[in-house]
1. I'd like the full set of residues that are of a type outside the set (Gly, Ala, Ser), part of a helix (DSSP H, G or I) and within 10 Å of residue 199 (Cα to Cα), limited to the range 224-250.
2. Evaluate the range 15-26: report whether one residue or more is modelled with pLDDT of 95 or more, in a loop (DSSP other than H, G, I, E, B) and not basic (Lys, Arg).
3. Residues in the range 6-16: is at least one free of Cβ contacts under 8 Å to residues at least 40 places away in the same chain and not polar (S, T, N, Q)?
4. May I ask you to list the residues in the range 205-237 that are surrounded by fewer than 14 Cβ atoms within 10 Å (Cβ to Cβ) and either among the small types (Gly, Ala, Ser) or over 21 Å from residue 141 (Cβ atoms) (or both)?
5. Quick one: would you say residue 120 is surrounded by 13 or more Cβ atoms within 10 Å (Cβ to Cβ) and not small (Gly, Ala, Ser)?
6. Hey, could you check the range 109-158 for residues that are among the hydroxyl-bearing types (Ser, Thr, Tyr) and over 14 Å from the mean Cα position of the chain (by Cα) and say which is farthest from residue 81 (Cα to Cα)?
7. Six or more apart or on different chains, Cβ under 7 Å: which pairs go from a residue in the range 167-179 that's farther than 16 Å from residue 229 by Cβ to one that's in a strand (DSSP E or B) and of a type outside the set (A, V, I, L, M, F, W, C)? Could you list them?
8. Kindly list the number of the only condition in (1) crowded, with 23+ Cβ neighbours inside 10 Å; (2) in contact with a His (Cβ under 9 Å, 6 or more places away or on another chain) that fails for residue 248.
Amino acid sequence: MLRLKNLGSGSAGNATLVEAKEGIHTTRLLIDCGLRLRDLETRLNQAGTSSQEIDAIFITHEHVDHIGCAQSLLKRKQVPIWMSQGCWMAIHTPQWNSFSPWFHRARDGETINIKDLQLTPFTVPHDAREPLQLQCNNGDRRLGLVTDLGHVTQHVVESLQACHCLMLETNHDPELLANSTYPQFLKNRISGDWGHLSNNKSADLLKRISHKQLTHVIAAHLSERNNSPDLARQCLSSVLGCEAQDIYVASPELGTPWFTV
């Protein structure tokens with residue numbers, strides 16, 4: 001069985017738990033740890049586990065809402081931590097030296113085996129050093145996670161084919177962003193090719209990867225000021241031909257319930 005639970009999604013912090021169960025064995029992967037350590041532990045406990053049961057960590061990129069409490073978490077339990085070489089170089093300060101033995105380099109398109117989980121990272125266009133997003137599978141079912149990208153490349157489309165569950169960035173509504181009080185440089189950064197996906201761009205991506213066996217779509221990384229859950233749901237549900245309430249929106253405080261893929 002393959003399942004995921006987002007623990008929090010948005011500019012305040014991001015973390016997602018993925019589990020693969022095979023018989024009595026469970027493999028647990030934490031994707032990003034952008035929450036405060038106390039909050040992360042609380043949400044892991046609410047998910048029925050703890051940091052002591054995490055088998056590996058995958059960091060998508062070095063922005064603080066994704067790297068967050070990684071050092072503090074590794075002090076509690078030293079587990080393999082995967083990220084790109086660019087991400088490691090971006091964060092590597094003297095404080096990280098003690099964690100170097102646990103660092104593993106993730107590369108675009110190269111499969112990572114973590115017990116009963118297989119991860120395939122893929123590059124995305126975002127204003128980070130070497131950002132990666134993920135496709136995860138247990139040999140039977142497949143899920144895709146893609147947030148923090150400014151535009152959709154053919155490589156992104158190909159990397160997300162045949163997913164049964166998808167967590168997809170719907171960061172902003174272009175009109176709300178244009179009319180917001182954000183300074184112009186920040187509006188340009190968010191809406192640019194190296195920023196974040198709008199609802200419409202997310203819907204366009206979904207059109208290109210949707211298929212009959214895609215059973216769960218989760219809208220993620222919503223801007224609290226420049227988007228709304230209803231707008232994100234409307235865009236994505238129009239592509240799938242489903243009811244708006246069939247699209248689940250990951251919240252900053254609650255994340256999502258468990259989704260079995």
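1. 231, 233, 234, 235, 236
2. Within the range 15-26 (the criterion being modelled with pLDDT of 95 or more, in a loop (DSSP other than H, G, I, E, B) and not basic (Lys, Arg)), the answer is no, since none of the residues qualifies.
3. Taking the range 6-16 and keeping what is free of Cβ contacts under 8 Å to residues at least 40 places away in the same chain, we get none.
Checked against the condition, which is being free of Cβ contacts under 8 Å to residues at least 40 places away in the same chain and not polar (S, T, N, Q), the range 6-16 yields no hits at all.
4. Result: 207, 224, 225, 230.
5. Values: surrounded by 13 or more Cβ atoms within 10 Å (Cβ to Cβ): yes; not small (Gly, Ala, Ser): yes.
When the stated conditions are applied, residue 120 passes them.
6. Quick first cut of the range 109-158, residues among the hydroxyl-bearing types (Ser, Thr, Tyr) only: 111, 120, 123, 147, 153.
Now drop any that are not over 14 Å from the mean Cα position of the chain (by Cα), which leaves 111, 153.
Working: 111: 15, 153: 27 Å.
Only one residue fits best here, namely 153.
7. 174/198
8. So residue 248 meets the others, but not (1).
The values are calculated or read from the model by the stated rules, or taken from the named source; none is laboratory data. Keep in mind the model is a prediction, meaning the values are calculated, not measured. All Cβ positions, glycine included, derive from the backbone under ideal geometry; neighbour counts span all protein chains shown.
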